[in-house]
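The values are calculated or read from the model by the stated rules, or taken from the named source; none is laboratory data. Everything quoted here is computed from the prediction, not taken from an experiment. For neighbour counting, all protein chains shown are included, and Cβ atoms are generated from backbone atoms with ideal geometry for every residue, glycine included. Please note that ligands, DNA and RNA were not included when accessible areas were found on the heavy atoms of the full protein model with its side chains. Shrake-Rupley method; radii C 1.70, N 1.55, O 1.52, S 1.80 Å.
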Amino acid sequence: MLEFEAEKNCLAGKTILVTGAGAGIGKVAALKYAEYGATVILLGKTVKKLEATYDAIEQAGYPKPAIIPLDMKGATEQNYKDMADTIEQQFSKLDGLLHNASVLGVLGPFEHIDIDSLQDIMKVNVTSQVMMTKALLPVIRKAESASIAFTSSGVGRTGRAYWGPYAISKFATEGMMEVLADECDGTQVRVNSINPGATRTEMRAKAYPGEDPLTLKTPEDLMPTYLYVMADISVNVNGQKLNAQ
Ligand SMILES: NC(=O)c1ccc[n+]([C@@H]2O[C@H](COP(=O)([O-])OP(=O)(O)OC[C@H]3O[C@@H](n4cnc5c(N)ncnc54)[C@H](OP(=O)(O)O)[C@@H]3O)[C@@H](O)[C@H]2O)c1
């Protein structure tokens, strides 16, 4: 677990987009970024959940957030271009992009992998993230120093039996991070990945239905790493595979 104590307001003046901001780790990260002074753009599939995150930020008196409802399974390149234009018009720059939204799919033996389901998982976990990053790079480059963080997994670093499409997608995530980090080397944009580790969320409960959730770290426990990657203290950190636990 990273020993990092973020300075209060270390994200003041920054605009950070968090995908999957309506639940789990993404919700807590969005609230945390807002607590530390960022204006947060909340992107996700279920509007009600995004509104709950929005309300929590507003009630706490943090900077007013924005909501972008988007289903990353169906989204097109044009949707991402339009989104990037809106962000540029409203905020003029984007300092942080946390790619957090993902789907788990079904776990099972390799020979049972359903190809339609594999394609859906790759669309949300990989292709959509490529399209979103590609569309946002021009507005990201307008920030003095910007951070793009992808969310990986233990099974995106070492393959594990029965983790099928999800593990394949997380290896692709690490590859995407390395390619982009190398391209951004020496620029004001840094690109890294975070492996949250086993965390008490709906996704984890779906993967391990028999596990006692109280034995797991909470999303809140991971936040030192999530703050570190967005704060200027990590300005020279690029191409790293970080572990939040
Ligand atoms: N929890 C763990 O133990 C663990 C371990 C390793 C890695 N991770 C990674 O950490 C990240 C967060 O996981 P989590 O456990 O917090 O998961 P979660 O509780 O299942 O939350 C996932 C989030 O992604 C959003 N999302 C899913 N499909 C989407 C779509 N098509 N379009 C837009 N948003 C979509 C969900 O929105 P809706 O609720 O509206 O569907 C939700 O906000 C993921 O990348 C996951 O792979 C988690």
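Overview of results
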{"quantity": "Cα→Cβ-extended label distance, 7 Å offset, between LYS48 and GLN188, nm", "calculated": "4.2"}
{"quantity": "Given LYS134/LYS206; LYS14/LYS206; LYS49/LYS93; LYS64/LYS170, the pairs whose alpha carbons are separated by over 28 Å", "calculated": "LYS134/LYS206; LYS14/LYS206; LYS64/LYS170"}
{"quantity": "Accessible surface of the stretch 183-245, 1.4 Å probe, proportion on carbon and sulfur as whole %", "calculated": "49"}
{"quantity": "Angstrom value of the Kirkwood radius, inverse mean 1/r, which spans all Cα pairs in the stretch 138-202", "calculated": "13.0"}
{"quantity": "Relative contact order, percent, the chain [alpha-carbon distance under 8 Å, six or more residues apart]", "calculated": "21"}
{"quantity": "Surface per residue (accessible, 1.4 Å probe) for the stretch 31-79, Å²", "calculated": "49"}
{"quantity": "Residue-normalised accessible area of the stretch 145-242, given per residue in Å² at a 1.4 Å probe", "calculated": "44"}
{"quantity": "Long-range HN-HN contacts of LEU242 with modeled amide H, under 5 Å", "calculated": "SER193, ILE194, ASN195"}
{"quantity": "Contact order relative to length of the stretch 98-181, as percent, for alpha carbon pairs under 8 angstrom and 6 or more apart", "calculated": "41"}
{"quantity": "Rg/Rh ratio calculated on Cα atoms of the stretch 1-87 (Kirkwood radius)", "calculated": "1.00"}
{"quantity": "Whole-number D in µm² s⁻¹ for the stretch 64-201, Kirkwood Cα-pair radius fed into Stokes-Einstein, 10 °C, 1.306 mPa s", "calculated": "100"}
{"quantity": "Ellipsoid equivalent to the chain - semi-axes via the Cα gyration tensor, in Å", "calculated": "26, 20, 18"}
{"quantity": "Ordering of 139-148, 214-223, 88-97 by packing [mean C-beta count within 10 Å, highest first]", "calculated": "139-148, 88-97, 214-223"}
{"quantity": "Packing-based order for 19-30, 188-199, 151-162, 56-67, using average beta carbon neighbours within 10 Å, highest first", "calculated": "19-30, 188-199, 151-162, 56-67"}
{"quantity": "Protein accessible area in the stretch 23-130, 1.4 Å probe - carbon and sulfur %", "calculated": "53"}
